[in-house]
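Everything on this sheet refers to the single structure shown next.
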Amino acid sequence: MLAEKLVTLAREKNITFGTAESCTGGLISAAITDISGASAVFWGGIVSYDNRVKEHLLGVEHETLVTLGAVSAKTAEQMAVGAVRALSVDFAVSVTGIAGPGGGTPEKPVGLVYIAVASTKGVITVKENHFKGEREEVRRQTVETALSMLISAIEET
């Protein structure tokens, strides 16, 4: 299980982490807190479903939201950096996307999800994903990819 691997790895390396979630609505945090002992390394998550939360709590620039939109690589990047700051953690993962069934456009179709990982040293990676399936499947794939990306980033430290 990815969440268990993440918690074990973070404990071994004495690393804290958190989340900033939009389209998953807290599913990443839920997967992590299902693991006994997660509280030693997982300090919390921010569900930023609304742009006002992205902007005012996570520090996503207003200009980013206006020009690129909530579903963009830059928004994901700024969400992850903001989560590191807001939660005072070593690493954070962020997700923003369109889980469906509605909300997609030709430019930003259902299944488009940006995932970013940041650390106290700055942005590590941002990945554009095109997941397939219904809403639940898109969200499940998002959770798995986010956990995998966070594991990879911590392994490289």
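The numbers here are math on the coordinates, done by the rules we state, and not lab data. All values derive from a computational prediction rather than experimental measurement.
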Please work out how much length the chain gains when fully extended from residue 121 to residue 56, using 0.36 nm per residue of separation minus the C-alpha to C-alpha distance, in nm with one decimal. 21.2 nm
Give the span of the stretch 72-156's Cα atoms along each principal axis, as three whole-Å numbers ordered largest to smallest. 35, 21, 18
When the helix-only estimate is applied to the chain (DSSP H runs of n ≥ 4, each -39,500 (n - 2.57), divided by the residue count), what is the mean residue ellipticity at 222 nm, nearest 500 deg cm²/dmol? -13000 deg cm²/dmol
Binned at 10 Å starting from 0, the alpha-carbon pair-distance distribution of the stretch 47-94 in whole percents comes out as 31, 58, 11
I'd like the orientation of helix 135-155 relative to the chain: the angle between its Cα long axis and the longest Cα principal axis, in ° from 0 to 90, rounded to 10. 40 degrees
Entries in 13/108; 13/54; 54/127 that, when Cα-Cα distance is taken, lie over 26 Å: 13/108; 13/54
Counting all Cα-Cα pairs in the chain, those more than 18 Å apart amount in percent to 52 percent
